[in-house]
Amino acid sequence: MSAAIPFAEDDTAKNNFLSRRQAIRSYVLRAGRMTEAQKRAIEELGPLHVLPFGEELLKPSDIYPESKPLVLEIGFGMGLATWQIALERSEYNYLGVEVHGPGVGRLLMEIRDRSISNLKIIQHDAVEVLESMISPDSLAGLHIFYPDPWPKKRHHKRRLLRPDLVELMASRLALGGYLYFVTDIEDYAEQALETLQACGSLKNAYEGFAPRIEWRPRTKFEGRAMVESRPSFELYFLRA
Ligand SMILES: C[S@@+](CC[C@H](N)C(=O)[O-])C[C@H]1O[C@@H](n2cnc3c(N)ncnc32)[C@H](O)[C@@H]1O
């Protein structure tokens, strides 16, 4: 299995490569107002369910009460689909990664109210989490639902489904692990299909786009797309 970062022997080259990649973030931190309840959830529940970002590899056995395959979600937003999936597909452990504070607060309230034990959160750039905290060949699945579309051509380099990040994602999946991506932006969907197909260690589980996978609940952004009559495009690839 090739490492995501091709500079294992040379720290200077590796650091330059990382800082170039990290300079092009896939998000902009919005000022987004937190409700009092969200703030309180972060203060009171954060210590129980939010893991600190760190440079050390995560050891799921130290974190979750039961040992199960781990699925990571990049950018859960307000976490509407996240907690439903954690409850309904409880044969997995989940790690939701999001930079947006109000969403973290909201999801923490759901974890408390529904007594969810197989879901933890990291509030940090998911790219850095994948690079630093997730062992190669370890994830059972990766969810990316309605990522920021970055519609302007000059911003396409910020999209999560760009070739170097797809290589990184693929490298963190275990053999047979899945990458499940959904967007309502047609040109992003086409670009994502092309990029995933070009990744040597991923294989499309379907011919082109996938049908809607029956267990995926509707997300907040999907609701918005439906109101605006935009269809969704699903991609489901397996680590080969
Ligand atoms: C358009 S929203 C979609 C949210 C949710 N998945 C949904 O469908 O409702 C995209 C989310 O991804 C988050 N995001 C984008 N890049 C990220 C990254 N590198 N790490 C963590 N979160 C990220 C943003 O903060 C934002 O909340």
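The values are calculated or read from the model by the stated rules, or taken from the named source; none is laboratory data. All values derive from a computational prediction rather than experimental measurement. Glycine also receives a Cβ, built like all others from the backbone with ideal geometry; neighbour counts cover every protein chain displayed.
The table that follows gives values for the structure above.
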quantity	calculated
Segment 203-237: number of residues that are assigned to a loop (DSSP other than H, G, I, E, B) and either aliphatic (A, V, I, L, M) or within 19 Å of the chain's Cα centre (by Cα) (or both)	9
Among (1) over 23 Å from Leu87 (Cβ atoms); (2) within 12 Å of the ligand (Cβ to nearest atom), the one test that Arg154 misses	(2)
Filter result (of a type in the set (D, E, K, R) and out of contact with any helix residue (DSSP H, G or I) (no Cβ under 9 Å at 6 or more places or on another chain)) within segment 114-167	Lys152, Lys153, Arg154, Lys157, Arg158, Glu167
Residue that is surrounded by the most Cβ atoms within 10 Å (Cβ to Cβ) [pool: residues in segment 152-180 that are in a helix (DSSP H, G or I) and touching a Leu at 6+ places or on another chain (Cβ under 9 Å)]	Met169
Members of segment 110-141 found to be part of a strand (DSSP E or B), touching a Phe, Trp or Tyr at 6+ places or on another chain (Cβ under 8 Å) and either more than 14 Å from the ligand (Cβ to nearest atom) or farther than 24 Å from Gly46 by Cβ (or both), listed by number	Leu119, Lys120, Ala140, Gly141
Counted residues, segment 82-103 - those being within 8 Å of the ligand (Cβ to nearest atom) and part of a strand (DSSP E or B)	1
Conditions (1) without any contact (Cβ under 8 Å) to a residue 40 or more places away in the chain; (2) surrounded by 22 or more Cβ atoms within 10 Å (Cβ to Cβ); (3) closer than 16 Å to Phe221 by Cβ; number of the one not met by Pro149	(2)
Filtered residue count, segment 181-221, keeping only those that are within 14 Å of the ligand (Cβ to nearest atom), over 20 Å from Lys153 (Cβ atoms) and crowded, with 20+ Cβ neighbours inside 10 Å	4
Residues located in segment 40-81, provided they are part of a loop (DSSP other than H, G, I, E, B) and away from the ligand (no atom under 16 Å from the Cβ)	Glu55, Glu56, Leu57, Lys59, Tyr64, Pro65, Glu66, Ser67, Lys68, Pro69
Any chance Leu29 is loosely packed, with under 14 Cβ neighbours inside 10 Å and either at pLDDT below 95 or within 29 Å of Pro149 (Cα to Cα) (or both)	yes
